[in-house]
1. Translational D (Stokes-Einstein, µm²/s) of segment 1-112 at 20 °C and 1.002 mPa s when Rh comes from the Kirkwood sum over C-alpha pairs?
2. Name the trypsin sites (Lys or Arg not before Pro) in segment 336-403 that are in a loop by DSSP and that have at most 16 other C-beta atoms within 10 Å, would you?
3. Using protein chains only and a probe of 1.4 angstrom, how many square angstrom of Glu354 are accessible, to the nearest 10?
4. What figure, in Å² to the nearest 10, do you get for the accessible area of Asp315 with a 1.4 Å probe and non-protein molecules left out?
5. Measuring with a 1.4 Å probe in the full set of protein chains, what accessible area per residue, in whole Å², belongs to segment 236-365?
6. List the chymotrypsin sites (Phe, Trp or Tyr not before Pro) within segment 369-467 that DSSP assigns to loop and that have no more than 12 neighbouring Cβ atoms inside 10 Å.
7. Counting only residues 5 or more places away or on other chains, whose amide H sits under 5 Å from the amide H of Phe403 once H atoms are built in the peptide plane?
8. How large is the Rg to Rh ratio of segment 278-328 when both quantities use alpha carbon positions and Rh follows Kirkwood?
Amino acid sequence: MSTIVSSPDYGKVFNDNIHGHILLHPLCVKFIDTPEFQRMRNIKQLGTTYLVYPCASVNRFEHSIGVCYLAGQMIEALCRNSGNDINVTTEEKLCVELAGLCHDLGHGPLSHSWERYLKASGVDWKHEESSTEMLKYIIQKYDLEKELKKYGLNMEYHVELICEFIRGEGKLLVENHFLYQVVSNKDNGIDVDKWDYFLRDGNCLNLSISFDYKRLMQFSRVVLDPHSNQPKQVIAFRNKEARNIYDMFRVRSDLHLRAYQHTAVQNTELMWIDVLLKAENYFTIQISSGAKFALNEAHTNIEAMSRLTDHILCDIQYSNDPKLEEAKSLLNRLQTRHLYKFIGSYNLIFINKEIYNKSIDVENLKQSLKDELQKQFGIEFGITATWLNCGYPLINPLEKVLFFKKPLYNNTSVVFDDTKFQNVYPMNELEFFKRDINVFSKSLKLEDSQLKEIDLACNSFLKNFRP
């Protein structure tokens, strides 16, 4: 039996430039009104994209509020559309909203650029784990356990459930598995996190967004997964929304190609990462106990992480520490637009289709090419990859979506549509599954003859590369 999930009778109204006036639960406001959450006002969502697109300065703060709102809207739509087939409690709905609100708490400076910096520094780290750790840190630091209890939530069960919703997987819920799909959908990539950042990023980038998330909500419902061995409730969509979902993934691809993975954006990110690599042994984050953490260690201490925002760029730029001169010099070069020299982009579809069709270690490919070029030419290079997947390596995500037909007359049973919509809406390799290797020289003093030699060497290496 479906539970009526009502909105709180009080809370706080936010005037959002994407969703309009939105009402958030008072418990959500308690989390928003903490320094650790407010810190996201100073973390740019699109990393160094703002250095290419001047208006790409949206922050994690407003995105998190938008995801919280959409999570609540999605739960209400599913309850409305699924009738007596589901039972969602007010506590479960609140947990999903809190997961949407707090899913990005763990991001470092310039968002995903920080993850790529840590990878370059030899650290394997994902922001989701820091998000769950930061959530628990906020509850403990500001004694919010009593606020949780006020709304029927407890530390042992519900806080861990929120963490599972952030990860998009877990074991605490069996019947209502579909709740794991709302914020971070590991099954097919359709979730409210993407809906918000597609709209928000498209708005600040002045890029047209064609898909309609409100229609998807209107024509969604919960069903029993026919492909699962165990009874498992999942989200499905009306078959007429296949084109809308295709448009959603096309928008994702467009944002990656035209903004997130634009070669100029990758160039600025390479330089920013190199600034941090040059500064990491000399720039430290000090916490209240007096302990200090290097940049590539801050993620190991949640208090240190809570003190990291995009401000570190200014801290490095205006530092008087002579040990940071090399980092400051490179940062000045980035700010005065003396970027690394772009050599070229090399599309594996045309150069080496054999490795394009395989699941390869792209990091190994990039490092191998970098080592070869530096050995051959004696100068430093930066290698990046434009690597589109639509959430799955070389798989049309429509294969992973369940569709149902319109009920006939008063028939309330769900009838699945087995149409292979991946064949109806095929995804072009060059647009949806692009595989480009981008090469940059860190030296600006290159003659045309050298550029041609490097270009030939890149083509030759990639053509003959075997994983």
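The values are calculated or read from the model by the stated rules, or taken from the named source; none is laboratory data. Remember, predicted model here, so these are calculated numbers, not experimental data. All Cβ positions, even for glycine, are placed from backbone atoms using ideal geometry, and neighbour counts span all protein chains on display. Note: areas computed on protein heavy atoms with side chains; ligands, DNA, RNA excluded. Shrake-Rupley method; radii C 1.70, N 1.55, O 1.52, S 1.80 Å.
1. Here the translational diffusion coefficient equals 142 µm²/s.
2. In loop regions of segment 336-403 (DSSP not H, G, I, E or B), the sparsely surrounded trypsin sites (Lys or Arg not before Pro) are Arg337, Lys358.
3. So the heavy atoms of Glu354 present about 90 Å² to solvent.
4. Probe radius 1.4 Å; accessible area of Asp315 about 70 Å².
5. Per residue, segment 236-365 has an accessible area of 44 Å².
6. Loop-located and lightly packed - Tyr409.
7. Under 5 Å from the amide H of Phe403 lie the amide H atoms of Phe237, Asp417, each far enough along the sequence or on another chain.
8. My calculation puts Rg/Rh at 0.96.
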